[in-house]
Amino acid sequence: PAGITHMTESPIIVLRPDDAGRAAMLHMRSFDDPWSAASIRGLLMDPAILSLGIEQDSCLVAFIMGQTVAGETDIVTISTDPEVRRQGHASHLLRVFLDRLGDRGVSRVTLDVAEDNAAGRALYEAHGFSRDGVRPRYYTSGRDIPVDAILMSRPLVLNS
């Protein structure tokens, strides 16, 4: 999208079940309520899941995971190593992810993001997502006071 600057774009990889351990380690560095390697492995074994990652020096530094059902994909997580944030990895991943979903016939992408995650909300808005609603007090882990989830979506143009 216009207005987004990009770092030297790292190659995108498709995550496989054997990437679950390193994805779980990255998720743990990124979130107060991390997913286990077993739960990530289970998701990566699901054919409805598309998960893409970025490696630097053989280390997974970012990944995105979405589940497609009935022509719509819900982004279930996007994770960037705290040491390499604000370098464009999430934007690059999201752009490639959306393009691949269009190739798969997906017409709409949804997600939720914590209301206090200004960087996440800005990322999604820059990629054409708009606010659809709120789940009150949805996020509780690592917080003294629960935070609302902002529901967002965007249509996709199907690629031919």
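The values are calculated or read from the model by the stated rules, or taken from the named source; none is laboratory data. For clarity, every value in this text was computed on a predicted model and none was experimentally measured. Note that each Cβ is placed from the backbone with ideal geometry, even for glycine, and that neighbours are counted across all protein chains shown. For the accessible areas, the whole protein counts, side chains as well, though only heavy atoms, and no ligand, DNA or RNA atoms are used. Shrake-Rupley method; radii C 1.70, N 1.55, O 1.52, S 1.80 Å.
Structural remarks
- Residue count, the stretch 74-108 (criterion: more than 11 Å from the chain's Cα centre (by Cα) and outside any helix (DSSP H, G or I)): 10
- Applying the set (1) within 28 Å of P136 (Cβ to Cβ); (2) open to solvent by less than 20 Å² (accessible area, probe 1.4 Å) to S91 leaves exactly one unmet item: (1).
- The residue pairs whose first member lies in the stretch 13-33 and is at negative phi and aliphatic (A, V, I, L, M), whose second member is at pLDDT 95 or above and open to solvent by 70 Å² or more (accessible area, probe 1.4 Å), and whose beta carbons are closer than 7 Å, counting only pairs six or more residues apart or on different chains, are A20/R41.
- When residues of the stretch 20-33 are limited to those that are over 14 Å from the mean Cα position of the chain (by Cα) and open to solvent by 20 Å² or more (accessible area, probe 1.4 Å), the one nearest to D81 (Cα to Cα): R29
- Among (1) free of Cβ contacts under 8 Å to residues at least 24 places away in the same chain; (2) surrounded by 14 or more Cβ atoms within 10 Å (Cβ to Cβ); (3) closer than 14 Å to V109 by Cβ, the one test that A70 misses: (2)
- Test: residue in the stretch 40-47 that is loosely packed, with under 15 Cβ neighbours inside 10 Å, in a strand (DSSP E or B) and aliphatic (A, V, I, L, M): no
- Beta carbons closer than 8 Å, at least 6 apart along the sequence or on distinct chains, pair a first residue in the stretch 91-120 that is on the phi > 0 side of the Ramachandran plot with a second that is open to solvent by 60 Å² or more (accessible area, probe 1.4 Å) for G105/L158.
- Filtered by the rule that a residue be part of a loop (DSSP other than H, G, I, E, B) and open to solvent by less than 70 Å² (accessible area, probe 1.4 Å), the stretch 113-141 gives N117, H127, G128, F129, S141.
- Test: residue in the stretch 43-58 that is out of contact with any Asp or Glu (no Cβ under 6 Å at 6 or more places or on another chain), modelled with pLDDT under 90 and among the hydrophobic types (A, V, I, L, M, F, W, C): no
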